[in-house]
Amino acid sequence: MHRTQQYWENRPEVYQITFGEFAREYAELLPIMRDKEGRIGHLDLHAPNYVPMTAAEIALHQKDWKAFSRARGFSAYDIAEYARWHKLTGQTDGLEYAINDPWRRPVAGWDATLYLKHIERAKAMEIQLSPQVEQSYLRTRKKEETAGAFFHAAKKKIKMKNDGLVQATLRNENDDWD
């Protein structure tokens, strides 16, 4: 599905959408970001085309990621799309665990973790949430707490070391989060 640049530039703040909307948008952008980031070979350390960034590229990226992206040949559309990814992943707002890493983010439940962090930040800033978002937040938090409790009990019982593998089996892709 191809969106317009205006679509990406006019998306609502995360605290204005339900978890279901967030999860769908996150799932839409994750493979797009993998593909686009993979083309330049800077982020996936295991990619055959991996090329470390130069000191000048690192400095430009830290100063202005949009200018960095333009210098790498990305279009205004690509930058608008990436700005939304940047927002969803918490990088824009400096959320805990917010990094650009579309290769390690398919872990089940990561989208819920990000959503909860966005909503908790909004609550801490005393931003008024709609009743639908508040209800979505409470349901998502409860499901994640329940999954977390189950996960820790299962982990202890079967003594598995690969947390992501076990957690990935706990959530049903067809769960109705809204």
Checklist line | Cα-Cα over 23 Å, subset of K66/K117; K66/K123; K63/K117; K36/K123; K36/K66 | finding: K66/K117; K66/K123; K63/K117; K36/K123
Check: How do K87, K142, K123 line up, fewest other C-beta atoms within 10 Å first?
Finding: K142, K123, K87
Next item on the list: Would you order F74, F68 from fewest to most other beta-carbon atoms within 10 Å of each residue's own beta-carbon?
Entry: F74, F68
Check: On full extension of the chain, what length is gained from T4 through A27, given 0.36 nm per residue of separation minus the C-alpha to C-alpha distance?
Finding: 6.5 nm
Margin query: Using a 10 Å cut-off around each Cβ, can you sort V133, V14 from fewest to most neighbouring Cβ atoms?
Written below: V133, V14
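Every number in this text was worked out from the coordinates using simple rules, so none of it is lab data. Quantities reported herein were computed from a predicted structural model and do not represent experimental measurements. When we count neighbours, we look across all protein chains shown, and the Cβ atoms used for this are built from the backbone with ideal geometry, even at glycine.
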